[in-house]
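Worksheet: one structure, shown below.
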Amino acid sequence: MNVREPVSERTAQLLGISGLITFVVLWCVLSYGNLVPTIILPSPTEVLKAFPVLHFEEALVRSAWGSFRRVSLGFGLAALVSIPLGIVMGTFPAIKHFFNPLLDPLRFLPISALVPLFIVWFGIDELQKIVFLFVGIFVYMLPLVVEAVHNVEEVYLQTATTLGASRGQIIRHVLIPGSLPAIGEALRVMNGIGWTYVIMAEVINARYGLGYLITTAGKRSHVDQIFALVLVILFIGVVTDWFIRFVNVKLFHWNAR
């Protein structure tokens, strides 16, 4: 293999399948061979048996829907705020520099450190969880939107200016369309961020949710259930990621590379 040597699509698929099979085989060898204690690494069979227990005794479907709803609300609110604000900040550097001292430091703040403050401000019910997810996604989405607008090639702006386009026309017909593909990709990445935060969001006073079930299973030392719930989160995350990728391809097929 050479540095950055491209591979065909078929080869890439085969490599991906091979990697997945290798992982499953290694898991089976370590668990069925008793090389790792069950309390640390349950076997695939034990994990599969945990799904009916979670479904019938712990309302798995209801919890999965609850987590999906919370992530979707937090994600949607973050997109509604960060996309318009990011476009404005990317278009007008003066506005960007005005907000930078307020927003830039938030990227280095562990969002979990804000949980006690959110509890004081928003209580311990649904609002607190959604706000937590909103903030966790927003602080990372906004810089990506700003960068997407900033990375629109200067030649397009110069061409529009030469043709007599006004400031509003440049924004509507050059900057926004030119940045939308990168913004769509940013939304796909931020969807993953939302699912990484949902566990922390559901630790406080949750009566259902995948994070709540994982916390409960951990307290009971049901490692097989933890593995099963992690697989559920991965499945939902992959499906939603595929959906956003599909929408991006359909909307921005002209930008396919």
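The values are calculated or read from the model by the stated rules, or taken from the named source; none is laboratory data. Predicted model, so just to flag it, every value in this text is computed and none were measured. Using ideal geometry, Cβ is built from the backbone for each residue, glycine included, and neighbour counts are taken over all protein chains shown. To get the accessible areas, we keep the full protein, side chains included, count just its heavy atoms, and leave off ligands, DNA and RNA. Shrake-Rupley method; radii C 1.70, N 1.55, O 1.52, S 1.80 Å.
The numbered conditions (1) farther than 19 Å from residue 69 by Cα; (2) open to solvent by 60 Å² or more (accessible area, probe 1.4 Å); (3) of a type outside the set (Ser, Thr, Tyr) are all true for residue 114 except (2).
Looking at the range 159-200, which of its residues are of a type in the set (Ser, Thr, Tyr) and open to solvent by 20 Å² or more (accessible area, probe 1.4 Å)? Result: 159, 161, 162, 166, 196, 197.
Checked against (1) closer than 29 Å to residue 53 by Cα; (2) exposed (fewer than 14 other Cβ atoms within 10 Å of the Cβ), residue 247 meets all criteria but (1). Selection of helices (runs of 4 or more DSSP H) fully inside the range 163-220 by the criterion of at least 1 residues being within 15 Å of the chain's Cα centre (by Cα) and free of Cβ contacts under 8 Å to residues at least 12 places away in the same chain returns 176-201. One residue stands out in the range 131-158 among those that are in a helix (DSSP H, G or I) and of a type in the set (D, E, K, R): the one that is surrounded by the fewest Cβ atoms within 10 Å (Cβ to Cβ), namely 154. Would you point out which residue out of 175, 180, 163, 157 is modelled with pLDDT under 85 and in contact with a Leu (Cβ under 9 Å, 6 or more places away or on another chain)? None of the other options fit; the residue is 157.
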